[in-house]
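Down below is the structure, laid out as structure tokens.
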């Protein structure tokens, strides 16, 4: 199922399983300034829409479409043959199966990347373990808690545009899923109903 890959593990720079024990290091003034710029830039993006590509630990690839509206409203719609969607209305994430007409809730506080979806993005005020700079990208590595334990997260930003381009999430077992976004449009109008859930869908437990 694609939903577990999205919610618990989702490109770019891979982290070693040993990174789970990495300690936060002191940022240089240049790194701190750059992270503040990235945080401010992404906070200013109130809505975005585009395409995504997810690659799981077995190399399975699946594409889809996403919409984000800050704070905390998200919709990821997987392309065929999948009939799944991930929707957040700010009170948790819901996994939707359009074929089965079911939904189940996933606590928002346990979803990696939730800090990036909030009203304000602040990369410095996270469990930051490392920052890696290249000519084209900035990789911000941090740790996050989930129901399966500590997940290692690597956010990859385009150094020129400061936009989020990719992320990697690595489970405690070492399983990695990569997630890339492209064809992104920023500050576009997104109807509220994009983040609603059909009330006739049956609630199931996981």
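Please report 28, 126, 200, 177 as a ranked list, fewest other C-beta atoms within 10 angstrom at the top and most at the bottom.
200, 28, 126, 177
What distance in nm separates the two pseudo spin-label positions at residue 36 and residue 173, each 7 Å out from Cα along the beta-carbon direction?
4.2 nm
Could you give the nm distance between label points at residue 125 and residue 204, where each point is 7 Å from its Cα heading toward the beta carbon?
It is 3.8 nm.
Which order, highest average first, do 52-63, 67-78, 183-194 follow once you tally other Cβ atoms within 10 Å for each residue and take the mean per peptide?
67-78, 52-63, 183-194
Using label points projected 7 Å from each Cα along Cα→Cβ, tell me how many nm separate residue 63 and residue 101, to one decimal.
3.1 nm
Given R₀ = 22 Å, FRET efficiency for residue 137-residue 46 by Cβ-Cβ distance, to 0.05?
The calculated FRET efficiency here is 0.40.
I need the peptides 38-50, 157-169 ranked by packing, meaning the mean over residues of other C-beta atoms within 10 angstrom, with the highest value on top.
Top to bottom by mean Cβ count within 10 Å: 157-169, 38-50.
The numbers here are math on the coordinates, done by the rules we state, and not lab data. As the structure is a computational prediction, the values presented were derived from the model and not from experiment. Backbone-built Cβ (ideal geometry, glycine too); neighbour counts: all protein chains shown.
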